[in-house]
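Heads up, the thing below is written out as structure tokens.
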């Protein structure tokens, strides 16, 4: 395994970089979309809630591998030519947005309604209330499940190898077939995935400790 | 149907025939309520009598079904459009209820903000004050409720009484002309009730117009100009505390006061 890492580290690092670019972009974009969807899911208007719920159910209820293939083949059909990596980021974004929206929705539901009423009585607008009162608390509350989702996306990004994105998984397959050492190669890839995810988990735990103050609900 | 023109100029809050249902349950039926400048009105009554709902309707935290609530002569919560009544937009509601401050039973401080930040948040977001001006103003408000030295504390490290005083300071910061208190001491340990009532007494002495839903009969008797007794969604009796407490006319108020006395005097 060490031998594989030492002999093939330039391609492995390149694959890992692509993995990170794909998954981290999807997570960041999915965060924005996920927050908006969570607002939609918690909206008072059924007309807003319903389509957001439908979106969430579709992307949460179908396999990610299938979603990748659908996006990859659908885009050219409707006249949009994109590189595989773009299709990969797009799919993972749309997928993680559904899961993140559900995480944020449950976080929003945990904020006592009275806090929002207090903000409204102080004249703070609905948007400012979301931005300044609700979401800062939601981020703290949902950091553990959010970390889970980030790690899940990072691992699921291995699936984008099926649409010919040369990320860590695909690079490993290539090395395995060239060296005839599949076990060692895949072990090396596993170590790299694990290393990144351990770092992410450590960052999350650190943030959680730092933000612990001022969260007790009354 | 009364209009803004018929309202005497000094009424800050005026409600005409408001009613409210939760499903099949009528929680408010045909309530009239009037609050003049510098008046302190206590609303008493058994639990479930609709007193908190009335207060929430006066702030439109609970939309009333029929009737009208006027704040400073302006219809709260609804717009008249071509003879039809439609729910007003959030901005319009904010505008009309700007003179109203509210204090809740469970404080509802924002836990991720310090005591001072709880007070300055709206000063900055709504009034657009700079951080420095907002903090100076916020400190003055905390001073007023005797909590200047707790400015940097998060709500979790404050006692219930201190939290409620911060909540009062937060409402005061927006310079309300009327303050609504929804059972402000009901969630407090008995030994912490006094410090909150003291702040409220001081407010009353300073001429603040207040409506207080409370179970503190002593406070109602000593501080209010008028007491409103509610039962089963109706105003049963109202008048100066000296008369209402000594010579209750209705059987329901007599019974309510007797029950209270039995529990508090042995």
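A compact table of results
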read-out: Principal-axis tilt of helix A:135-156 within chain A, Cα atoms, nearest 10 degrees; value: 20
read-out: Degrees between helix A:84-109 axis and first principal axis of chain A (Cα, 0 to 90, nearest 10); value: 30
read-out: Mean residue ellipticity (222 nm) of chain A, computed from DSSP H runs ≥ 4 via -39,500 (n - 2.57), nearest 500; value: -26500 deg cm²/dmol
read-out: Computed [θ] at 222 nm, deg cm²/dmol, chain B (DSSP H ≥ 4; -39,500 (n - 2.57); rounded to nearest 500); value: -11000 deg cm²/dmol
read-out: Average Cα contact separation per residue, the range A:39-155, under 8 Å, 6 or more apart, as relative contact order %; value: 24
read-out: For the range A:175-193 and the range B:205-234, distance of Cα centres in Å; value: 77
read-out: Theoretical FRET efficiency, 1/(1+(r/R0)^6), r = Cβ-Cβ of residue B:206 and residue A:47, R0 35 Å, to 0.05; value: 0.15
read-out: Taking the range B:133-206 and dividing mean pair separation by its residue count, relative contact order in percent (alpha carbons under 8 Å, at least six apart); value: 32
read-out: Whole-angstrom gap from the range B:103-134 to the range B:29-47, using each part's C-alpha centre; value: 28
read-out: Pairwise centroid distance, computed over Cα atoms, of the range A:64-78 with the range B:135-155, Å; value: 57
read-out: On Cα atoms only, tilt of A:2-41 relative to the major axis of chain A in degrees; value: 20
read-out: DSSP bridge pairs, chain B: antiparallel proportion in percent, nearest 5; value: 60
read-out: Prolate/oblate/rounded call for the range B:30-136, Cα gyration tensor, a/c under 1.5 rounded; value: oblate
read-out: Gyration tensor (alpha-carbon) shape descriptor, the range A:2-217, a/c threshold 1.5; value: oblate
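A short reminder: the numbers here are calculations on the coordinates, not readings from a lab. Predicted, not measured: the structure shown is a model, and the values here were computed from it. Cβ coordinates were reconstructed from backbone atoms using ideal geometry, including for glycine residues, and neighbour counts include every protein chain displayed.
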